[in-house]
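The values are calculated or read from the model by the stated rules, or taken from the named source; none is laboratory data. The structure presented is a predicted model; accordingly, all values stated were derived computationally and were not measured. Positions of Cβ are generated from backbone atoms using ideal geometry, with glycine treated the same way; all protein chains shown enter the neighbour counts. Areas reflect the complete protein model, heavy atoms only, side chains present, ligands, DNA and RNA absent. Shrake-Rupley method; radii C 1.70, N 1.55, O 1.52, S 1.80 Å.
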Amino acid sequence: MELRTAARTVFAPVALLAALTACSGSPAPAPAPAPASSSSSAAPVKEQVPDRQPHTLVLNATGSGSLKQITYTLDGVTKETGQVKMPWRQSLTVPADGKPHQWTLEITYSGASGQVDMYSVVDGKESVHTASGGHGNVTGSASIGGSVEG
């Protein structure tokens, strides 16, 4: 038994000393600084952003017969046509500036019965659609409008 008691007496303080040394709380060494680049005075690299592309707005009037007049507007600039046969189509370019661009399409019709479809297509996708018409000697007008984000 004396050997066991002697071993505990010697071993316990050694184990305690090892534990205290391991948990001494001394600070970890500071990480080595990153090596300086050869062009330290160069400006940071700017990420390339693709340029915006203008949008294509196509105004359409389809049906049978002819229209007395067509008026279309983009951003307050108005254009008019005289009498036109359908189908009618006008392609407009909308600037890619991040701003909303307002447009309208107005038609005036008279004469024999029929139906007129008006619709817009923005970058290949239909966006606004309406129809107008009637039977007999028909006179009237119709309009559509919208906005395209530039």
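So if R0 is 35 Å, what FRET efficiency would Lys99 and Ser66 give, r being the distance between their Cβ atoms, rounded to the nearest 0.05?
On the way: r = 36 Å, r/R0 = 1.02.
The formula returns an efficiency of 0.45 here.
Which net charge results when you count Lys and Arg as +1 and Asp and Glu as -1 among the other residues whose beta-carbon is under 15 Å from that of Thr130?
Values: positive: none; negative: Glu106, Asp117, Glu126.
Residues close to Thr130 contribute a combined charge of -3.
What number, in nm² with one decimal, is the all-direction average of the projected area of the convex hull of the alpha-carbon atoms of the range 68-133? Working shown, then result.
Working: hull surface 19.8 nm².
One quarter of the hull surface, i.e. the mean projection, equals 5.0 nm².
As a test of reading the structure, rank Lys99, Lys125 by solvent-accessible area (1.4 Å probe, protein chains only), most first. If you can, show how the numbers build up before the last one.
On the way: Lys99 125, Lys125 145 Å².
If we order Lys99, Lys125 from most to least accessible, we get Lys125, Lys99.
In nanometres, what is the gap between the two model label sites at Thr139 and Thr81, each 7 Å from Cα along Cα-to-Cβ?
The answer from the label model is 2.3 nm.
Within the range 60-133, what is the number of lysine pairs with alpha carbons under 24 Å apart, leaving out pairs fewer than eight places apart on the same chain? Don't skip to the answer; put the middle values down first.
Details: Lys68/Lys79; Lys68/Lys85; Lys79/Lys99; Lys79/Lys125; Lys99/Lys125.
Qualifying lysine pairs in the range 60-133: 5.
Below 13 angstrom from the Cβ of Ser64, what's the summed charge of the other residues (Lys, Arg +1; Asp, Glu -1)?
Residues close to Ser64 contribute a combined charge of 0.
How would His55, His129, His101 line up by accessible area, probe 1.4 Å, largest first?
Working: His55 45, His129 100, His101 15 Å².
From most exposed to least exposed: His129, His55, His101.
Under a plain spin-label model, where a point goes 7 Å from the Cα along Cα-to-Cβ, how far apart in nm are Arg89 and Thr56?
Using points 7 Å along Cα→Cβ, the separation is 0.9 nm.
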